[in-house]
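Participant: Input: one structure, supplied below.
The values are calculated or read from the model by the stated rules, or taken from the named source; none is laboratory data. Predicted model, so just to flag it, every value in this text is computed and none were measured. Backbone-built Cβ (ideal geometry, glycine too); neighbour counts: all protein chains shown. Accessible surface areas use protein heavy atoms only, side chains included; no ligands, DNA or RNA. Shrake-Rupley method; radii C 1.70, N 1.55, O 1.52, S 1.80 Å.
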Amino acid sequence: MGELEDAVMTRVWKWNRPVTVREVLEDLQQERSIAYTTVMTVLDNLHQKGWVRREAEGRAYRYEAVSTRAAYAAALMNDAWSQSDNPAAALVAFFGMMSEEQRHALRDAVRIVQGPEEPTGQENPGSAPEDGGR
């Protein structure tokens, strides 16, 4: 995704609702000089790439994100990682670039993906004594 596409998608993600070209244009114009047709072309390109869906409203469209910014970031990381000839080394290098806060977030994410761990040193609840505890 290019810089202008990212600037447009940032607004679509932030607002989390269907948006018009005019709304995106007016917000972008607070930072830069940009034409309506440029924003319209960028949103059309994002639609062609599958990042936004659109619904006709009169003679215009309302655009809405197809996925979240987090899903986009994950797809970028997965793409970069899959292109490595040594994925383990790429991960080690990536982890080495992370801040302490990012490493904590990574540990939390791994815990979520792995699910709850069973406590150690306890019997499996399904393995009751043969005599029923009598």
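Participant: How would S33, S82 rank on accessible area, largest to smallest, probe 1.4 Å?
Facilitator: My answer, sorted largest first, is S33, S82.
Participant: Here is a follow-up. Helix-only estimate, please: 222 nm mean residue ellipticity of the chain, summing -39500 (n - 2.57) across DSSP H runs of length 4 or more and dividing by its residues, to the nearest 500.
Facilitator: Calculated at 222 nm, the ellipticity per residue is -17500 deg cm²/dmol.
Participant: Taking the Cα atoms only, what angle lies between the long axis of helix 69-82 and the longest principal axis of the chain, rounded to 10 degrees?
Facilitator: 70
Participant: Give the peptides 69-76, 50-57 in descending order of average Cβ contacts within 10 Å, highest first.
Facilitator: Numbers: 69-76: 11.9, 50-57: 13.5.
Sorting 69-76, 50-57 by mean packing, highest first, produces 50-57, 69-76.
Participant: Please tell me the relative contact order of the stretch 1-124 in percent, rounded to the nearest whole number, where contacts are Cα pairs under 8 Å and at least six residues apart.
Facilitator: Numbers: 80 pairs, mean separation 24.9, N = 124.
Relative CO of the stretch 1-124 lands at 20 percent.
Participant: Can you tell me the accessible area per residue over the chain, all protein chains present, probe 1.4 angstrom, in square angstrom?
Facilitator: Normalised by residue count, the accessible surface of the chain is 74 Å².
Participant: Once the piece of chain linking E31 and A60 is laid out straight, how much longer is it, given 0.36 nm per residue of separation minus the C-alpha distance between them?
Facilitator: 8.0 nm
Participant: Right, next: Which value, in debye to the nearest 20, gives the size of the charge dipole of the stretch 41-122 about its Cα centre, when Lys and Arg are +1 and Asp and Glu are -1 at the Cβ?
Facilitator: Working: 9 positive and 11 negative charges, 70 e Å.
About 340 debye.
Participant: Considering only protein heavy atoms and a 1.4 Å probe, what is the carbon-and-sulfur percentage of the accessible area of the chain? Display every interim value, and only then the final one.
Facilitator: Numbers: 5270 of 9970 Å².
Whole-percent figure for carbon plus sulfur exposure: 53.
Participant: Oh, and also: Specify the angular offset, from 0 to 90 degrees and rounded to the nearest 10, of the alpha carbon long axis of helix 36-48 from the longest principal axis of the alpha carbons in the chain.
Facilitator: 40
Participant: Specify the residue with the greatest mean-square fluctuation among T37, T20, T68, computed from a Gaussian network of the chain linking alpha-carbon atoms under 10 Å apart.
Facilitator: Judging by the Gaussian network model, the answer is T37.
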